[in-house]
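The block underneath contains the structure these notes are about, expressed in structure tokens.
The values are calculated or read from the model by the stated rules, or taken from the named source; none is laboratory data. This structure is a prediction, so every number in the text was calculated from the model and none was measured. Using ideal geometry, Cβ is built from the backbone for each residue, glycine included, and neighbour counts are taken over all protein chains shown. Accessible surface areas use protein heavy atoms only, side chains included; no ligands, DNA or RNA. Shrake-Rupley method; radii C 1.70, N 1.55, O 1.52, S 1.80 Å.
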Amino acid sequence: MKKILVTGALGQIGSELVMKLRELYGKDNVVATDIRKVENDVFGTGPFEILDVTDKQKFLKIARKYNVDTIMHLASLLSATAEEKPLLAWDINMGGLLNGLETARELDAQLFTPSSIGAFGPNTPKQDTPQDTLQRPTTMYGVNKVAGELLCDYYFNKFGVDTRGVRFPGLISYLTPPGGGTTDYAVDIYYHAIKNQSYTSYIDKGTYMDMMYMPDAIDAIIQLMEADGSKLIHRNAFNITAMSVAPEDFARAIQTHIPNFTLKYDVDPVRQAIADSWPNNIDVSAAKQEWGFQPKYDLTSITQDMLEKLGNSSVNKVS
Ligand code: SER
């Protein structure tokens, strides 16, 4: 990785990934792109270009302009938004990925793109979900993710494009909030804990989903991209996670810092149905064996860091 282009660079993952990549690979060597400009540290620390990933010509033009050897394709709609706007999700999630893959093919570049726990469905084994298992998701997001995993495998096998990817769980972070995901409650709960000492969860009690902290997610991306390609068997869809948690687990962890924190429930049937169709906890042994995946943060350390960072921050606005 010498010259890296990141799409969706102002999103939840992108805004932290770009800063880390600039620190490691040099600020001028990381080209951030996004469909819109919003206030973010990404500006002023290196190159930025406006890019709608469904614009194939512009995607290629920007990649050529900077002569990139790596594409980190993050731009996509998350699960709940994709359920609201399934056709738009297909266009952005599949069209954008195809343009990223074609650009990578043209420039002989490496490509990273995330899959998700959303690539599993209701008849996938819920506990210790194996790396290789049944994938019949019932959401548009899941359909996009499974098709994306297969498309990346296809570009590797057919055209020799060095595609790599992970199945991310819900990602917890304090810098840029996620938007339109099913696991977003796991971020919202910390903002509300600081501001109101209470939170009303749209996901029901006892609903377990996989989660991990953003610094571990960023390290995982870089580690996988730097890994010896000859050792990768599951190139495009490594299960990774740090913990399996339900809303009440977050509440208990928060209460050790904010004893009068209270958790209530007002379940959103759409997002609950999505959550119910996903695994409780996925097996990460392939990622450990093939490229040494090892997250550092657990629920206790995530909670401590989130409350500390948000408590000190002026960004703890709550809607
Ligand atoms: N965090 C994502 C979502 O909830 C899952 O990959 O949509």
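Condition test on Gly179, is it among the small types (Gly, Ala, Ser), within 12 Å of the ligand (Cβ to nearest atom) and touching a residue at least 24 places away in the same chain (Cβ under 8 Å)?
On the way: among the small types (Gly, Ala, Ser): yes; within 12 Å of the ligand (Cβ to nearest atom): yes; touching a residue at least 24 places away in the same chain (Cβ under 8 Å): yes.
For Gly179, the condition - among the small types (Gly, Ala, Ser), within 12 Å of the ligand (Cβ to nearest atom) and touching a residue at least 24 places away in the same chain (Cβ under 8 Å) - is met.
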Ala109 - would you say it is in contact (Cβ under 8 Å) with a residue 40 or more places away in the chain, more than 15 Å from the ligand (Cβ to nearest atom) and open to solvent by less than 10 Å² (accessible area, probe 1.4 Å)?
yes
Region 292-319, subset in a loop (DSSP other than H, G, I, E, B) and among the basic types (Lys, Arg), residue modelled with the highest pLDDT
Lys296
Region 266-281, residues that are open to solvent by 10 Å² or more (accessible area, probe 1.4 Å) and not in a loop (DSSP other than H, G, I, E, B)
Pro269, Val270, Arg271, Gln272, Ala273, Asp276, Asn281
Among all residue pairs at least 6 apart or on different chains, which show Cβ distances below 8 Å where the first residue, located in region 297-312, is open to solvent by 20 Å² or more (accessible area, probe 1.4 Å) and the second is assigned to a helix (DSSP H, G or I) and among the charged types (D, E, K, R)?
Tyr297/Asp216; Tyr297/Asp305; Leu299/Asp249
Scanning region 117-149 for residues that are among the polar types (S, T, N, Q) and in contact with a Gly (Cβ under 8 Å, 6 or more places away or on another chain), which turns out nearest to Phe238 (Cα to Cα)?
Gln135
Can you tell me which residue within region 184-201, out of those that are open to solvent by less than 20 Å² (accessible area, probe 1.4 Å) and within 16 Å of the ligand (Cβ to nearest atom), is farthest from the chain's Cα centre (by Cα)?
Ser201
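Give the residue that is farthest from Tyr66 (Cα to Cα), with candidates limited to residues of region 7-19 that are assigned to a helix (DSSP H, G or I) and open to solvent by 10 Å² or more (accessible area, probe 1.4 Å). Walk me through how you get there before you give the answer.
Start the filter on region 7-19 by keeping residues that are assigned to a helix (DSSP H, G or I), which leaves 14-19.
With the extra rule that they be open to solvent by 10 Å² or more (accessible area, probe 1.4 Å), the set shrinks to 16, 19.
Values: Glu16: 21, Met19: 18 Å.
Checking each candidate, the answer is Glu16.
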Just need a number here: residues in region 20-37 that are within 27 Å of Ala89 (Cα to Cα) and open to solvent by 60 Å² or more (accessible area, probe 1.4 Å).
3
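Is it true that some residue in region 59-81 is under 22 Å from Thr138 (Cβ atoms) and away from the ligand (no atom under 16 Å from the Cβ)?
Filtering region 59-81 down to residues under 22 Å from Thr138 (Cβ atoms) leaves 76-81.
In the following step, the residues that additionally are away from the ligand (no atom under 16 Å from the Cβ) were identified as none.
Within region 59-81, not a single residue is under 22 Å from Thr138 (Cβ atoms) and away from the ligand (no atom under 16 Å from the Cβ).
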Yes or no: Leu134 out of contact with any Asp or Glu (no Cβ under 8 Å at 6 or more places or on another chain), surrounded by fewer than 16 Cβ atoms within 10 Å (Cβ to Cβ) and over 19 Å from Thr183 (Cβ atoms)?
yes
Only one of Met225, Met214, Met243, Met209 is without any contact (Cβ under 8 Å) to a residue 60 or more places away in the chain, buried (at least 18 other Cβ atoms within 10 Å of the Cβ) and not polar (S, T, N, Q), namely Met243
For region 178-193, state whether one or more residues are modelled with pLDDT under 95, in a loop (DSSP other than H, G, I, E, B) and either touching a Pro at 6+ places or on another chain (Cβ under 6 Å) or not small (Gly, Ala, Ser) (or both).
yes
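Farther than 23 Å from Ala242 by Cα, crowded, with 24+ Cβ neighbours inside 10 Å and not aliphatic (A, V, I, L, M): is that true of Gly96 in this structure?
On the way: farther than 23 Å from Ala242 by Cα: yes; crowded, with 24+ Cβ neighbours inside 10 Å: yes; not aliphatic (A, V, I, L, M): yes.
Taking the combined requirement at face value, the residue satisfies it.
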What's the total number of residues in region 38-60 that are surrounded by 21 or more Cβ atoms within 10 Å (Cβ to Cβ) and closer than 18 Å to Ala104 by Cα?
3
Counted residues, region 150-173 - those being in a loop (DSSP other than H, G, I, E, B), within 16 Å of the ligand (Cβ to nearest atom) and out of contact with any Gly (no Cβ under 9 Å at 6 or more places or on another chain)
2
Yes or no: Val68 within 27 Å of Gly229 (Cα to Cα), at pLDDT 95 or above and assigned to a loop (DSSP other than H, G, I, E, B)?
yes
So, in region 103-126, of the ones that are assigned to a helix (DSSP H, G or I) and of a type in the set (Val, Ile, Thr), which residue ends up farthest from Ala89 (Cα to Cα)?
Thr103
